[in-house]
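One structure is given here, and the rest of the page talks about it.
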Amino acid sequence: MERHLDDELQKLKENLLKMASLTERAIHDSFEALKGINKDLAEAVINRDEHIDDLEIDNEEHAIELLALFQPMAKDLRFIVTAMHINAELELIADLTVNICQRVLELADKGGALLAPINDLPHLADNAKWMVKNAIDAFVNNDEPLAEKVILSDSESNQLRSAIIQRLVDGFIVKDGKTAPRAIPLLLVARDLERICDRATYIAEEVIYMIQAKMIRHHREILNQDPPLKS
Amino acid sequence: MNHEFIDIKNFSFYYGQNKCLKSITLGIAEKEVTSIIGPSGCGKSTLLRCFNRMNDLILDTRIEGTIHIDGQDIYSAVIDVVDLRRKVGMVFQRPNPFPKSIFENVAYGLRINGVRNKDFIAEKIEQGLINAGLWNEVKDRLQDNALRLSGGQQQRLCVARALAIEPEVVLMDEPASALDPIATAKLEELIVELKKKYTIVIVTHNMQQAARISDITVFLMQGELIERGKTSEIFTRPTKKITEEYITGRFG
């Protein structure tokens, strides 16, 4: 049976995808700006964040309206609750890209970054992009295995961040005080990228809740324990 | 979960050749609100009416299986049906007060059960109206005709009438379907309050109402019990796909 609610849920999904695509672009551009210490690109990312903020408000208002008007149940309810969480996470991810761009502006004033010796930083940025993209794909396609893959890849990002921070501290902060002002912003970038990975993980956890009605937040060991709905 | 007060085992019900309840096995907990939901014609009102043998009044019907209430087989030959209906009260879809005074409406059940003591009757009427949340609205006009009350008040009067004879179970068949939102809210508050004293079984088409007031929800479809579970779980994560499709309005 065709339902009016289905059209509304589709609209909410499309608007969320629009926001996700802007957020993915922000992750990509912020790291490109870092690589080239490109102030113009960094400022463009910062300016575009306002648009993402507006979309977040629109999506949240739409979701609240659907809750009030349709009083959804079961998977409709889980979809809307998940959409609200993803909406908030995407906005926070976009804020983290703004942080990275502010580090770029800072580094530009200090004579550039120390990227060359920090091989793992591009790797961490790639992880962040991969995790956000795939968490959103898992949401769009109801793809639980993909969501699990995103969740399981989070530990690699944690290891990369720790390795990067260790290397920056040992090689550029403790060893040579002169390079510290250019190393500290990179340390903060590593932290922000790892937080983006965390947020992608939260999105993937919400997707599993949406599909399976399992709350795996703080309890990842329950992944794959419950059978799907019986027909 | 509380002790199972109503115990239904392999229960089937036939209208002529038509088997409209199919081997239902279900426990209904004491002093909880159980909602029965399902599409029109699924047998939910029929099941409800089996709990006080209201279906006995329909010709060419028969049953298989058993229903025990408080340990008693209610279809056994030795059961006094009038006594059963005193223990298992019922409130219907549309308020159906008698064309008598408010007082006489509530007194009716007591009088036909042979109670004559005026003070006792007055006391029971006051208590019934208090329990039904109607006392403050009608205490100064108990001799008014009940038909002058609003629809919501009439329905609560019917609840008071059912409560005056001190039943153990209260059955409600779509009790709010003819009420406006305010009267519905009052009735729902009342139902939640009543479960402290009574076992309540309610049939409703209103999913939100079932979600708001019941502890346990039972989903029937084409005479079969599909799923029974905690209301909080049925409406967020039902275990059967067909339950999910029904409560999200994909059919029915």
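The values are calculated or read from the model by the stated rules, or taken from the named source; none is laboratory data. The shown structure was predicted, so the numbers you read here are calculated from the model rather than taken from an experiment. In this analysis, Cβ positions are derived from the backbone assuming ideal geometry, glycine residues included, and neighbour counts consider all displayed protein chains.
Taking residue A:100 as the residue in question, decide whether it is assigned to a helix (DSSP H, G or I) and either closer than 30 Å to residue A:10 by Cα or in contact (Cβ under 8 Å) with a residue 40 or more places away in the chain (or both).
Values: assigned to a helix (DSSP H, G or I): yes; either closer than 30 Å to residue A:10 by Cα or in contact (Cβ under 8 Å) with a residue 40 or more places away in the chain (or both): yes.
Yes; evaluated as a whole, the condition is true for this residue.
Of everything in region B:214-250, what is facing another protein chain (nearest Cβ under 9 Å), closer than 21 Å to residue B:22 by Cα and not in a helix (DSSP H, G or I)? Give them in sequence order.
B:239, B:240
Among B:74, B:125, B:102, which is the only one that is of a type in the set (A, V, I, L, M), modelled with pLDDT of 95 or more and closer than 23 Å to residue B:189 by Cα? Walk me through it before giving the result.
Details: B:74 fails: closer than 23 Å to residue B:189 by Cα; B:125 fails: modelled with pLDDT of 95 or more.
Within the list B:74, B:125, B:102, the selection yields B:102.
Go over the candidates B:247, B:165 one by one and state the one that is among the β-branched types (Val, Ile, Thr), in contact with a Lys or Arg (Cβ under 7 Å, 6 or more places away or on another chain) and crowded, with 17+ Cβ neighbours inside 10 Å. First the steps, then the outcome.
Details: B:247 fails: in contact with a Lys or Arg (Cβ under 7 Å, 6 or more places away or on another chain).
Sole residue among the options that is among the β-branched types (Val, Ile, Thr), in contact with a Lys or Arg (Cβ under 7 Å, 6 or more places away or on another chain) and crowded, with 17+ Cβ neighbours inside 10 Å: B:165.
Condition first: among the hydrophobic types (A, V, I, L, M, F, W, C), in contact (Cβ under 8 Å) with a residue 60 or more places away in the chain and either touching a Phe, Trp or Tyr at 6+ places or on another chain (Cβ under 7 Å) or not in a loop (DSSP other than H, G, I, E, B) (or both). Can you find one or more residues in region B:141-157 that meet it? I'd like the intermediate steps shown before the answer.
Just the residues of region B:141-157 that are among the hydrophobic types (A, V, I, L, M, F, W, C), to begin with: B:142, B:146-147, B:149, B:157.
From what's left, in contact (Cβ under 8 Å) with a residue 60 or more places away in the chain: B:157.
Next, from what is left, pick out any that are either touching a Phe, Trp or Tyr at 6+ places or on another chain (Cβ under 7 Å) or not in a loop (DSSP other than H, G, I, E, B) (or both): B:157.
Within region B:141-157, one or more residues are among the hydrophobic types (A, V, I, L, M, F, W, C), in contact (Cβ under 8 Å) with a residue 60 or more places away in the chain and either touching a Phe, Trp or Tyr at 6+ places or on another chain (Cβ under 7 Å) or not in a loop (DSSP other than H, G, I, E, B) (or both).
Here are some residues: A:55, A:90, A:69. Which one is within 14 Å of another protein chain (Cβ to nearest Cβ), in a helix (DSSP H, G or I) and not acidic (Asp, Glu)?
On the way: A:55 fails: within 14 Å of another protein chain (Cβ to nearest Cβ); A:90 fails: within 14 Å of another protein chain (Cβ to nearest Cβ).
Of the residues listed, the single one that is within 14 Å of another protein chain (Cβ to nearest Cβ), in a helix (DSSP H, G or I) and not acidic (Asp, Glu) is A:69.
Give just the number: which of (1) exposed (fewer than 15 other Cβ atoms within 10 Å of the Cβ); (2) modelled with pLDDT under 95 does residue B:64 not satisfy?
The one condition residue B:64 does not meet is (2).
For region B:168-194, what are the residues that are more than 21 Å from residue B:135 (Cα to Cα) and part of a loop (DSSP other than H, G, I, E, B)?
If the condition is that a residue be more than 21 Å from residue B:135 (Cα to Cα) and part of a loop (DSSP other than H, G, I, E, B), then B:168, B:174, B:177, B:178 are the ones that fit.
Out of everything in region A:1-32 that is more than 14 Å from every other protein chain (Cβ to nearest Cβ) and over 18 Å from the mean Cα position of the chain (by Cα), what residue ends up being surrounded by the most Cβ atoms within 10 Å (Cβ to Cβ)? Break it down into steps so the answer makes sense when it comes.
Step one: filter region A:1-32 for residues more than 14 Å from every other protein chain (Cβ to nearest Cβ), giving A:10-32.
Subsequent filtering for residues that are over 18 Å from the mean Cα position of the chain (by Cα) retains A:10-12.
Details: A:10: 10, A:11: 13, A:12: 21.
In this case the residue turns out to be A:12.
Under 8 Å between Cβ atoms, which residue pairs at least 6 apart in sequence (or on different chains) link something in region A:117-128 that is free of Cβ contacts under 8 Å to residues at least 60 places away in the same chain with a partner that is part of a helix (DSSP H, G or I) and of a type in the set (D, E, K, R)?
Every condition considered, the pairs that remain are A:117/A:167; A:120/A:167.
Which one is surrounded by the most Cβ atoms within 10 Å (Cβ to Cβ), of the residues in region B:197-244 that are out of contact with any strand residue (DSSP E or B) (no Cβ under 8 Å at 6 or more places or on another chain) and among the basic types (Lys, Arg)?
B:237
Take residue A:81 and decide whether it is within 14 Å of chain B (Cβ to nearest Cβ), among the β-branched types (Val, Ile, Thr) and part of a helix (DSSP H, G or I).
yes
All but one of (1) under 16 Å from residue A:201 (Cα atoms); (2) within 14 Å of chain B (Cβ to nearest Cβ); (3) among the acidic types (Asp, Glu) hold for residue A:137; which doesn't?
Condition (2) is where residue A:137 drops out.
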